[in-house]
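To keep things clear, I will list the structure first and then write my remarks on it.
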Amino acid sequence: MEPLPFHAAPLGKDGNPVSALEHFRSEKDAFFRTSPQSPLTPAQKEPFGGLRYYPENPALDLTLDLELLHDPSPVSMQTTTGEVQIYERHGRIRFEIEGQEASLTVYRNEYGLFLPFVDALSGHETYGAGRYLEPEEVAGKRVRVDFNLAYNPYCAYNERWSCPITPAENRLKVVIRAGEKIFEEHP
């Protein structure tokens, strides 16, 4: 899934401006509720009241050095439907979360950079198979990784979708309280 683009933030119901992230989330909820391309089934759309997110955390919008990996061997990622998707290990990022050091591998394919990850909340507060990001390349060998944009793959909503399973090297023991929470269907 390609991330939805950001647009200029409008005013909220209270007349105050909403952040770009709040606006993005509102647009995503509308897409899930109304679009024929939504991962939700018609039965899921009917009671859908919106996705659940952690509050915006500016401290988890990071610009990080990307340690390029010179390993041209392809990485085969199993998907939730048993298929295989091919990526290459592009680089490694290192960062600190709540005083704990962490590192993740950034992958690349023909669509760009891809960062699947599992954190210590997976299966409890976040989707058990992990969440995704598409890091943004910035000047030099750096990437912007905004964990506030972490999202569930479409297979989190509906098993007809095929999603890459997060590789073991991107399973973290740290907690990342940012981005999308686990999907809960409303009765």
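Every read-out reported here was derived from the displayed coordinates using simple, explicitly stated rules and does not represent laboratory data. A quick note: this is a predicted structure, and the numbers were derived from the prediction, not measured. All Cβ positions, glycine included, derive from the backbone under ideal geometry; neighbour counts span all protein chains shown.
Things worth noting here:
- Translational D in µm²/s for the chain (Stokes-Einstein at 37 °C, 0.692 mPa s, Kirkwood Rh from C-alpha pairs): 188 µm²/s
- Under 18 Å, Cα to Cα: Lys pairs in the chain, sequence gap 8 or more or different chains: 5
- Ranked packing of 96-103, 156-163, most packed first, by mean Cβ within 10 Å: 156-163, 96-103
- Angle in degrees between helix 20-34 and the longest Cα principal axis of the chain, rounded to the nearest 10: 70 degrees
- By the Kirkwood approach, averaging reciprocal distances over each pair of separate Cα atoms, region 76-180 gets a hydrodynamic radius of 14.1 Å.
- Each Cα pair under 8 Å and six or more residues apart adds its separation to the average, and for the chain the resulting relative contact order is 24 percent.
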